[in-house]
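To start, the structure under review is shown below, and the notes come after it.
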Amino acid sequence: PEDTVTSSFASFIHGARPDHLSQTVRHRSKRMILDSIGVGLVGSTTHVFDIALRYCRLYSPVAVSSVYGKPGVKLSPTLAAFTNGVATHSMDFDDTWHPATHPSGAVLPALLAASQMLPPSTKPTGMDFLLAFNVGLEVQGRLMHFSTEAHDIPKRFHPPSVVGTMGSAAATAKLLSLSRAQCCHALGIAASLAGAPMANAATQAKPLHIGNATRLGFEAALLAARGMEANPFILDDIPGCSGFSAFYGVYHPKPLPTPGDHHEFLLEKQDIAFKRFPAHLGMHWVVDAALSVRNLFVHYAGSFSPALIRTIVLKIPVSKYINRPFPSSEHQARHSFQFNACAALLDGEVGLSSFTENSIHRQELRELLDKVVVEHPEDNVANFDKMYGEVTLLLHSGDVLMGKCDTFYGHWRKPLSKESLLKKFRSNASYVLPEEKIETIITMVDDLENLSDSSQL
């Protein structure tokens, strides 16, 4: 059908060209690719990744695609995409966009696996890879903008399990050069494979949301390439018969302009948030606020002395799944305003070691958690573009110290510098790769447009 929202998306996927990518879009998306690879590499050291890998090795007779952090280990393309997606989100260290989702992890593993899957005569170039990656980002961003509900911290579905699956299908369809009709069906198939509830946040199951998004979107494109069909109106709002609208209570889709001589990608207008430590994005506000008030406290008392503190007041938005007073596992700790604020106060930083069993169950940390009181000011909304974090220390002396953060370092309004991003990548990659390979990846991604075979990644 012509002139439908779904057909406009299919036309965009099929018709997008490398010259539609501005220098800004290329630069930003290459930063995302590098960061996501690093996050996946360090994620390959986690327990949840090991579980996923052991599972996938039971069902992977056709082993052609590489696995993060495991030299010599290969899986079937779709299982490699799944495993690498799990690695990317295993520490909640991956990038975040607005409206809220984790865009890179849902797309990049599928493209890496597909690049290795294709025969030598049809290997995609680095530019093909970069274009497909941006097509996957654009589809995710456009779909999220169709619902005002998507602008707030989610309550029902985990966004990358919804829009990420669609983005993976779109990106893979582009890399495989599917026809316009096949692109349409890939989206329709992907919609039937999408969705995961928020109740599994802060558990070992949450990384599966990214793994499934990248894998199932990939599979949707492969099925469409082999002739499977789906509803051609899947993105349209059809009264009485929900398509993609099933995921949102409010849904107002609009056609995606067909790329002519020019197309302005959403990434041109809004950058991406990169995390400085492995935890839910909301934690970055309270950590920066806690570090700010800690500096005041040290200046006030000469050192950080928890015994001087009577009460710790956190002013945070209402979001049930990240309001966790006493987390008992690393995944709960990554989703706890209280834990991250107290860890920052106690240690003067939050990093990978903050979420070990020993760190989580320290007596001095538990004593700080006992002093926390949470408040939800009406002006502090559960929205990554509008929220703030405020940490106030009420001292036994009667003095009050306060730190506040409305834009943390790494937010799209305050992007990480090149030096900070490279430092994060080198640190993450060093857990599994030697220095020379780390530097090779940095050089390769920086010059991705000129790479003759993207499977070299």
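The values are calculated or read from the model by the stated rules, or taken from the named source; none is laboratory data. What you see is a predicted model; the values in this text were computed from it and never measured. Because the Cβ atoms are built from the backbone with ideal geometry, glycine has one as well, and the counts that use them run over all protein chains shown. In case anyone asks, the SASA skips ligands and DNA or RNA and just uses the protein heavy atoms, side chains included. Shrake-Rupley method; radii C 1.70, N 1.55, O 1.52, S 1.80 Å.
All conditions in (1) surrounded by fewer than 15 Cβ atoms within 10 Å (Cβ to Cβ); (2) part of a loop (DSSP other than H, G, I, E, B); (3) touching a residue at least 12 places away in the same chain (Cβ under 8 Å) hold for Leu281, with the sole exception of (1).
Taking each residue of the stretch 96-116 that is within 21 Å of Ser44 (Cβ to Cβ) and without any contact (Cβ under 8 Å) to a residue 60 or more places away in the chain and looking for partners that are open to solvent by 10 Å² or more (accessible area, probe 1.4 Å) and β-branched (Val, Ile, Thr) with beta-carbon atoms closer than 9 Å, six or more apart or interchain, yields nothing.
When you scan the stretch 443-450, do you find a residue that is at pLDDT 95 or above, open to solvent by less than 30 Å² (accessible area, probe 1.4 Å) and either outside any loop (DSSP other than H, G, I, E, B) or not charged (D, E, K, R) (or both), even just one? Yes, there is a match, as at least one residue in the stretch 443-450 is at pLDDT 95 or above, open to solvent by less than 30 Å² (accessible area, probe 1.4 Å) and either outside any loop (DSSP other than H, G, I, E, B) or not charged (D, E, K, R) (or both). Looking at this structure, is Ala100 modelled with pLDDT of 95 or more, closer than 26 Å to Val48 by Cβ and among the small types (Gly, Ala, Ser)? Considered against the rule, which asks whether it is modelled with pLDDT of 95 or more, closer than 26 Å to Val48 by Cβ and among the small types (Gly, Ala, Ser), Ala100 comes out as no.
Does the stretch 139-156 hold any residues that are touching a Gly at 6+ places or on another chain (Cβ under 9 Å) and not in a loop (DSSP other than H, G, I, E, B), and which are they? Don't jump to the end; show me each part of the working.
Taking the stretch 139-156 first, the residues touching a Gly at 6+ places or on another chain (Cβ under 9 Å) are 139-141, 143, 147, 149, 153, 156.
Scanning the stretch 139-156 gives Val139, Gln140, Gly141, Leu143, Glu149.
Filtering Val73, Val67 for residues that are more than 26 Å from Leu267 (Cβ to Cβ) and open to solvent by less than 20 Å² (accessible area, probe 1.4 Å) leaves a single hit, Val67. Annotation note: Cβ proximity below 8 Å between a residue of the stretch 414-426 that is closer than 21 Å to Phe384 by Cα and a residue that is at pLDDT 95 or above and among the aromatic types (Phe, Trp, Tyr) (sequence gap 6+ or interchain) occurs for Lys414/Phe408; Pro415/Phe274; Leu416/Phe274; Leu416/Tyr409; Leu421/Phe274. Reported count of residues in the stretch 54-76, each being of a type outside the set (Val, Ile, Thr), closer than 16 Å to Ile210 by Cα and modelled with pLDDT of 95 or more, is 1. Could you grab me the full set of residues in the stretch 331-365 that are farther than 25 Å from Ala429 by Cβ and of a type in the set (Asp, Glu)? Selection gives Glu364 alone. Scanning the stretch 192-211 for any residue that is in the same structural domain as Phe9 (by the TED database), open to solvent by 30 Å² or more (accessible area, probe 1.4 Å), touching a residue at least 12 places away in the same chain (Cβ under 8 Å) and at positive phi turns up at least one such residue.
Among the residues of the stretch 419-442, those that are surrounded by 15 or more Cβ atoms within 10 Å (Cβ to Cβ) and part of a helix (DSSP H, G or I) comprise Leu421, Leu422, Lys424, Phe425, Arg426, Asn428, Ala429, Ile438, Ile441, Ile442.
Among the residues of the stretch 246-272, the ones that are more than 22 Å from the chain's Cα centre (by Cα) and closer than 15 Å to Met144 by Cα come to 9 in all.
Within the stretch 9-30, is there a residue that is assigned by the TED database to the domain that holds His262, out of contact with any Lys or Arg (no Cβ under 9 Å at 6 or more places or on another chain) and of a type in the set (Phe, Trp, Tyr)? No, there is no match, as no residue in the stretch 9-30 is assigned by the TED database to the domain that holds His262, out of contact with any Lys or Arg (no Cβ under 9 Å at 6 or more places or on another chain) and of a type in the set (Phe, Trp, Tyr). Could you say whether any residue in the stretch 5-13 is farther than 16 Å from Ala170 by Cβ and part of a helix (DSSP H, G or I)? Within the stretch 5-13 (the criterion being farther than 16 Å from Ala170 by Cβ and part of a helix (DSSP H, G or I)), the answer is no, since none of the residues qualifies.
So that you can scan it fast, the table gives a plain yes or no per residue for (1) of a type outside the set (S, T, N, Q); (2) open to solvent by 10 Å² or more (accessible area, probe 1.4 Å); (3) within 24 Å of the chain's Cα centre (by Cα):
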site	(1), (2), (3)
Phe9	yes, no, yes
Phe12	yes, no, yes
Arg17	yes, yes, no
Thr24	no, yes, yes
Arg31	yes, yes, yes
Gly38	yes, no, yes
Ser44	no, no, yes
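If the requirement is being in contact with an Asp or Glu (Cβ under 7 Å, 6 or more places away or on another chain), touching a residue at least 40 places away in the same chain (Cβ under 8 Å) and within 24 Å of Gln116 (Cα to Cα), which of these qualifies: Leu175, Leu137? Criteria check complete, one pass: Leu175.
Under the condition of being of a type in the set (D, E, K, R) and farther than 18 Å from Ala169 by Cα, which residue from the stretch 110-158 is least open to solvent (accessible area, probe 1.4 Å)? Break it down into steps so the answer makes sense when it comes.
Initially, the stretch 110-158 is screened for residues of a type in the set (D, E, K, R), giving 123, 128, 138, 142, 149, 152, 155-156.
Now narrow it down to the ones that are farther than 18 Å from Ala169 by Cα: 123, 149, 152, 155-156.
Details: Lys123: 49, Glu149: 69, Asp152: 71, Lys155: 180, Arg156: 109 Å².
Among residues in the stretch 110-158 that are of a type in the set (D, E, K, R) and farther than 18 Å from Ala169 by Cα, the one least open to solvent (accessible area, probe 1.4 Å) is Lys123.
Val286 meets the stated requirement of being buried (at least 23 other Cβ atoms within 10 Å of the Cβ) and assigned by the TED database to the domain that holds Ile316. Of the residues making up the stretch 273-313, those that are basic (Lys, Arg) and within 22 Å of the chain's Cα centre (by Cα) are Lys275, Arg276.
The criterion of at least 2 residues that are surrounded by fewer than 18 Cβ atoms within 10 Å (Cβ to Cβ) is met, among helices (runs of 4 or more DSSP H) falling completely within the stretch 303-418, by 357-360, 363-369.
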